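Report on one structure; see the data block that follows.
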Amino acid sequence: MEVIILDSLDEAGELAAGAIADLVRRKPDAVLGVATGSSPLSVYAALGRRVADGRLSLARARAFTLDEYVGLPADHPERYRAVIERDLVAQVDLDPAAVHSPDGTAEDLPAACEAYEQALAAAGGVDLQLLGIGTDGHIGFNEPGSSLASRTRLKTLTAQTRRDNARFFDGDVDAVPHHCLTQGIGTIMAARHVVLLAGGEAKAEAVHQLVEGAVTSMWPGSALQLHPHVSVLVDEAAASRLRLAPYFRETWTGKPDWQGL
Ligand code: GLP
């Protein structure tokens, strides 16, 4: 796990977009794992700039979202499918038909989860997975207690996550769904490269547990310690509880550019 402490999430966004650009140069039809939430927004903005000025094309790339609410009407603006179309697809030249998400409106939710796993496998798996992290340590919507081997399935959101996400529902926690479909931790672990972004003091404990805590389902992000290629991009506030911060700074300062993420 490589931890990079940066001045801002904007810098993190540039770095992550650079890694995606390198990947797409090598493999134009790369499979990107994309996340909702505020953390990856700087990545999407940086990708948008690169596409706009002709440095990058995602026209042949494919994308899979991490998770989706259950119980929101198909036309609700906070469905993650709609969020990813607004935050990412509208800014780049991805083909909307190449963007996949779990179907939270399906009649048969277990079948929708199984179909999603099959679609991921048929695409050859995720090359680069963008991730945020919840204040309770969730990745995707894998709340504390989630199986570290889990695959895409139906989950119940914690009260803390519903409170955190109320800001997207005009502050009304009662409007936040109780259920979701999410890639499992095992699904996320199958991605070939994971790039996690976190900013702000509210994420400091989750980042500390992810990087320096024991591997435990109580802090689902800690499972990433078992992944061979993880880049954790954090701002100073999110890094504020890292005991190894001086070491991570020294490592990053001495890293030659050619190594990339
Ligand atoms: C949400 C999403 C996660 C996201 C997390 C953090 O609940 N399901 O994928 O990483 O919360 O969100 P943010 O980046 O807005 O803090």
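With Cα atoms defining each centre, the stretch 226-261 and the stretch 30-87 are spaced 25 Å apart in the structure. Between ASP29 and ASP7, the distance separating the two model label sites (each 7 Å from Cα on the Cα→Cβ line) works out to 4.2 nm.
Could you run the Debye sum over the Cα atoms of the chain, one equal point scatterer each and no solvent, and tell me log10 of I(q)/I(0) at q = 0.10 Å⁻¹, two decimals? Results for the chain at q = 0.10 Å⁻¹ read -0.45.
Which percentage, to the nearest 5, of the DSSP beta bridges contained in the chain is antiparallel? The answer is about 30 percent antiparallel.
Taking Lys and Arg as +1 and Asp and Glu as -1, the other residues whose beta-carbon sits under 13 Å from that of VAL34 total -2. Fully extending the segment from ALA106 to THR156, taken as 0.36 nm per residue of separation minus the present Cα-Cα distance, adds 16.4 nm. When the chain is described by a simple charge dipole with +1 on each Lys and Arg Cβ and -1 on each Asp and Glu Cβ, the residue from SER147, ALA112, VAL24 located farthest towards its positive end is VAL24.
Only Cα pairs under 8 Å and 6+ residues apart enter the sum, and on that basis the relative contact order of the stretch 2-254 stands at 24 percent. Nearest 500 deg cm²/dmol is fine: what mean residue ellipticity at 222 nm does the chain get from its DSSP H runs of n ≥ 4 alone, each adding -39,500 (n - 2.57), divided by its residue count? Counting only the DSSP helices, I get -9500 deg cm²/dmol.
Rule-based calculations on the coordinates, nothing more; no lab input. What you are looking at is a predicted structure, and each value in this text was computed from that prediction instead of being measured. Every residue, glycine as well, gets a Cβ built from its backbone with ideal geometry; the counts of neighbours run over all protein chains shown.
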